[in-house]
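Q: Attaching a single structure in structure tokens format; questions to follow.
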Amino acid sequence: MRSDGASLRVALPVEMSPAALERLLWGLVALSLVGDIVTTFAGLRLGLAESNPVAQSAIEDHGLIGMLALKGIAIVVGLVCRPLLPAAYRSIVPAGLAIPWAVAACINVYMISTAI
């Protein structure tokens, strides 16, 4: 079985350039980052625990600054690696940051809703 030249392409419902898609995704990074941080600290104030041991240590040792530093390091790594990708694929960097943070924020909201 050969797959020479085969590729999977997904068409967006609207016409969007790779640069416009990347800008949109960086906006989602900002929203998901804020959502994750706000819901994490809201959950901690309600007595919930951070499940990520690295984040838990950073929060215990340095509070909000520790959490912001972790997020900042992730963004810096993404920005450093971004130029290594072809322009058409650079939107994977903000997507790779936004998706897990958005999922974490949703899990946090769920956990908060069950704790109230």
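The values are calculated or read from the model by the stated rules, or taken from the named source; none is laboratory data. Predicted model only: the values in this text are computed from it and were never measured. Surface accessibility is based on the protein's heavy atoms, side chains included, excluding ligands, DNA and RNA. Shrake-Rupley method; radii C 1.70, N 1.55, O 1.52, S 1.80 Å.
Q: Once you keep just the Cα pairs under 8 angstrom separated by 6 or more residues, what percentage relative contact order results for the chain?
A: 45 percent
Q: A follow-up question, please. Once neighbouring chains are kept in place and the probe is 1.4 Å, which whole percent of the accessible area of the range 26-83 is contributed by carbon and sulfur?
A: 71 percent
Q: Kindly provide the helix-only [θ] at 222 nm of the chain, computed as the sum of -39,500 (n - 2.57) over DSSP H runs of four or more divided by all residues, to the nearest 500 deg cm²/dmol?
A: Value at 222 nm, helices only, nearest 500: -25000 deg cm²/dmol.
Q: Moving on to the next point. What translational D, rounded to a whole number of µm²/s, comes out for the chain from Stokes-Einstein when the hydrodynamic radius is the Kirkwood one over Cα pairs, at 10 °C and 1.306 mPa s?
A: After rounding, the answer is 99 µm²/s.
Q: Calculate, for the chain, the solvent-accessible area per residue in square angstrom, rolling a 1.4 angstrom probe over the heavy atoms of the protein chains. Can you show the working numbers first?
A: Values: 8130 Å² over 116 residues.
It amounts to 70 Å² per residue over the chain.
Q: A follow-up question, please. Which angle from 0 to 90°, rounded to the nearest 10, does the C-alpha axis of helix 18-45 make with the longest principal axis of the chain?
A: For 18-45 against the chain, the angle is about 20 degrees.
Q: Could I ask something else about it? I'd like the distance between the alpha-carbon centres of the range 51-113 and the range 14-45, rounded to an integer number of Å.
A: That distance is 10 Å.
Q: On a 0 to 90° scale, report how tilted helix 53-81 is relative to the longest principal axis of the chain, with both axes built from alpha carbons and the result rounded to the nearest 10.
A: Long axis of 53-81 versus the principal axis of the chain: about 10 degrees.
Q: Using 0.36 nm per residue, how much length does the chain from Ser113 to Gln56 gain when fully extended, once their Cα-Cα distance is taken away?
A: Details: separation 57, 0.36 × 57 = 20.52 nm, distance 2.08 nm.
Gain on extension, Ser113 to Gln56, equals 18.4 nm.
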